[in-house]
Amino acid sequence: IDPREAAQFAAIADALLINVGTLTEDRAVAMRAAVEHARQAGKPWTLDPVAVGALTVRTAFCHELQALQPAAIRGNASEILALAGMSAGGRGGDTTDTAVVAVTGEVDYVTDGERVLSVAGGNPLMTRVVGTGCALSAVVAASAALPGARLENVAAACGLMKQAGEIAARQGGPGSFIPAFLDALYQEVQG
């Protein structure tokens, strides 16, 4: 990814998702450029701190990005705890004051620091199919750009994904889940 193109694209997009799942030095440069240009353009950006806490390079990088005030952060409980500095000795909360944080799992919890919304549903099959968390992060990023209350928008995104997962799981097993999930998500958005 060319940092110049990442920056240009981020400035014209409605929202930006930074997913550190395949972090490299070159991608880190492009991600920084994209975040800076999204911020300059007033566009919300979302952080998906994949494997933060387990890997030191991406943990440090996500702490750096976190200081750039994402509109939303979406991760599982261990990633969010690590990002907040609450694992391995604890550092206390970092700069998440303006972010809506979605802690996803069997029940998703979405907070803006004042209120907490819980979103139940989904299907255990969703945890056995690679990419559902990343897809959720993309939908969260899009929802952060919608008008209205960001907290409710992010919670609605989590609910939408859980509903699509329930519908897709009724169609079969993990091999047929992804196309059924995409179809269900499309139908939920249209409906």
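The values are calculated or read from the model by the stated rules, or taken from the named source; none is laboratory data. Predicted model, so just to flag it, every value in this text is computed and none were measured. Cβ sites come from the backbone with ideal geometry, for glycine too, and all protein chains shown count toward neighbours. These accessible areas exclude ligands, DNA and RNA; they are computed on the full protein's heavy atoms, side chains included. Shrake-Rupley method; radii C 1.70, N 1.55, O 1.52, S 1.80 Å.
Residues considered: R32, R74. Of these, the only one that is among the basic types (K, R) and buried (at least 21 other Cβ atoms within 10 Å of the Cβ) is R74. Of the listed requirements (1) out of contact with any Asp or Glu (no Cβ under 8 Å at 6 or more places or on another chain); (2) in contact (Cβ under 8 Å) with a residue 12 or more places away in the chain, A60 misses just one: (2). The condition of being within 24 Å of A10 (Cβ to Cβ) and either at pLDDT below 95 or open to solvent by less than 40 Å² (accessible area, probe 1.4 Å) (or both) holds for only one of A88, A99, A168, that being A99. Inspection of the stretch 109-122 identifies at least one residue that is touching a residue at least 24 places away in the same chain (Cβ under 8 Å), crowded, with 22+ Cβ neighbours inside 10 Å and of a type in the set (V, I, T).
Taken over the stretch 140-152, residues that are more than 8 Å from the chain's Cα centre (by Cα) and either under 14 Å from T46 (Cβ atoms) or open to solvent by less than 40 Å² (accessible area, probe 1.4 Å) (or both) amount to 7.
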